[in-house]
Amino acid sequence: MVVYFNLYVLLPRLLLNKNYFTYVVTILLLLAGATFPLAILTHRLIANEVIQEEVWSSFFLFLIALGLFFSLIMSMTMKFLKEWYQDQQSKRELEQVQLQTELMYLKSQINPHFLFNSLNNLYALTLLKSDLAPQIVLRLSDILRYVLYESSTGKVDIQKELQHLHDFIELEKLRLGDHIQVEVDLSEPQMDLKIEPMLYLTLVENAFKHGAQIESGKGWVNVIGKSTKDGYELFVENAMGAKRASESAGGIGLTNLRKRLDLIYPGKYQLNVIKDVSQYSVSLFINLSDA
């Protein structure tokens with residue numbers, strides 16, 4: 001009774017409201033009020049007269065009060081620990097929700113320009129009744145299927161991610177035609193690994209975006225994928241015109257990518273960028289072995 005009265009009446013009404021003096025006085029009165037009834041009950045339950053006399057000693061009353069006080073301290077400690085644990089759980093759940101929300105926001109910012117460009121080019125090809133139109137529709141449908149269904153379920157098999165990159169590259173080759181030269185070498189993963197979808201896509205998308213915008217001559221893009229025992233590394237380089245070389249490296253797409261990597265693979269990735277007046281190179285290695 002003393003413990004529950006303290007936990008559910010005195011604590012919320014006095015201690016948590018910072019009425020410390022009133023709380024201490026009330027606790028002392030509570031201990032005194034409970035000590036004497038316990039001493040009387042003990043006295044009546046004990047048949048030995050010698051022991052009965054000891055029950056009324058100041059030392060025995062002190063032991064009863066000390067036991068009650070210890071019970072109060074232990075119950076308060078357990079209550080505070082339980083509330084602290086529940087609070088930490090709530091914070092972790094909130095952090096997970098915020099993390100997922102931020103990831104969804106960052107993923108939604110992935111540049112959709114290739115989709116609109118592909119649709120515009122598809123419209124132009126249909127007007128010309130070009131034989132390339134069905135191929136673009138097929139590649140575009142594969143990409144949309146991956147983005148809408150595969151990538152929405154969390155991490156995916158790295159084979160699917162590489163196939164998605166291959167579909168995107170083929171679509172860009174169809175879209176850009178003779179305006180760009182493309183070399184692709186994506187090695188197969190050495191083991192079954194899971195990866196967050198559409199991380200490497202940003203690098204390839206930027207390469208085609210800038211590699212095709214050359215003031216003079218023909219643009220080019222090289223995409224090389226290398227599998228390791230710990231993960232996968234993608235190396236992408238593209239031609240860089242003089243106008244693009246004067247701009248900031250990577251732009252919003254690379255900043256977005258770094259944020260996603262910091263959230264999903266903290267300390268488990270290496271992103272390196274090399275830029276000069278004629279070309280732009282970027283490599284991304286992600287350790288997927290324990291991700």
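The values are calculated or read from the model by the stated rules, or taken from the named source; none is laboratory data. Bear in mind the structure is a predicted one, so any value in this text is a computation, not a measurement. Glycine gets a Cβ as well: all are built from the backbone with ideal geometry, and neighbour counts include every protein chain shown.
Kindly check whether there is at least one residue in region 175-185 that is among the small types (Gly, Ala, Ser), at pLDDT 75 or above and surrounded by fewer than 14 Cβ atoms within 10 Å (Cβ to Cβ). Scanning region 175-185 turns up at least one residue that is among the small types (Gly, Ala, Ser), at pLDDT 75 or above and surrounded by fewer than 14 Cβ atoms within 10 Å (Cβ to Cβ). Among the residues making up region 257-291, those that are farther than 19 Å from Met191 by Cβ, within 15 Å of the chain's Cα centre (by Cα) and either among the aliphatic types (A, V, I, L, M) or surrounded by fewer than 17 Cβ atoms within 10 Å (Cβ to Cβ) (or both) are Leu257, Arg258, Lys259, Leu261, Asp262, Leu263, Ile264, Pro266, Gly267.
Scanning region 155-177 for residues that are within 20 Å of the chain's Cα centre (by Cα) and free of Cβ contacts under 8 Å to residues at least 40 places away in the same chain returns Asp157, Glu161. Screening Gln159 against (1) within 17 Å of Ser289 (Cα to Cα); (2) buried (at least 18 other Cβ atoms within 10 Å of the Cβ); (3) not charged (D, E, K, R) leaves a single unmet condition, (2).
Residues of region 147-185 that are in a strand (DSSP E or B) and farther than 20 Å from Lys209 by Cα: Val156, Asp157.
Residues that are of a type in the set (Gly, Ala, Ser) and closer than 29 Å to Ala124 by Cβ were ranked within region 134-156; the one that is surrounded by the fewest Cβ atoms within 10 Å (Cβ to Cβ) is Ser141. Residues in region 203-225 that are crowded, with 19+ Cβ neighbours inside 10 Å, of a type in the set (Val, Ile, Thr) and modelled with pLDDT of 85 or more: 3 in all. Pairing each residue of region 211-238 that is farther than 13 Å from Ser278 by Cα with any residue that is among the basic types (Lys, Arg) and at pLDDT below 95, provided the two are 6+ apart or on different chains, yields C-beta distances under 6 Å for Glu233/Lys226. Residues that are under 14 Å from Ile286 (Cβ atoms) and among the acidic types (Asp, Glu) within region 178-230 comprise Glu196, Asp230, listed in sequence order.
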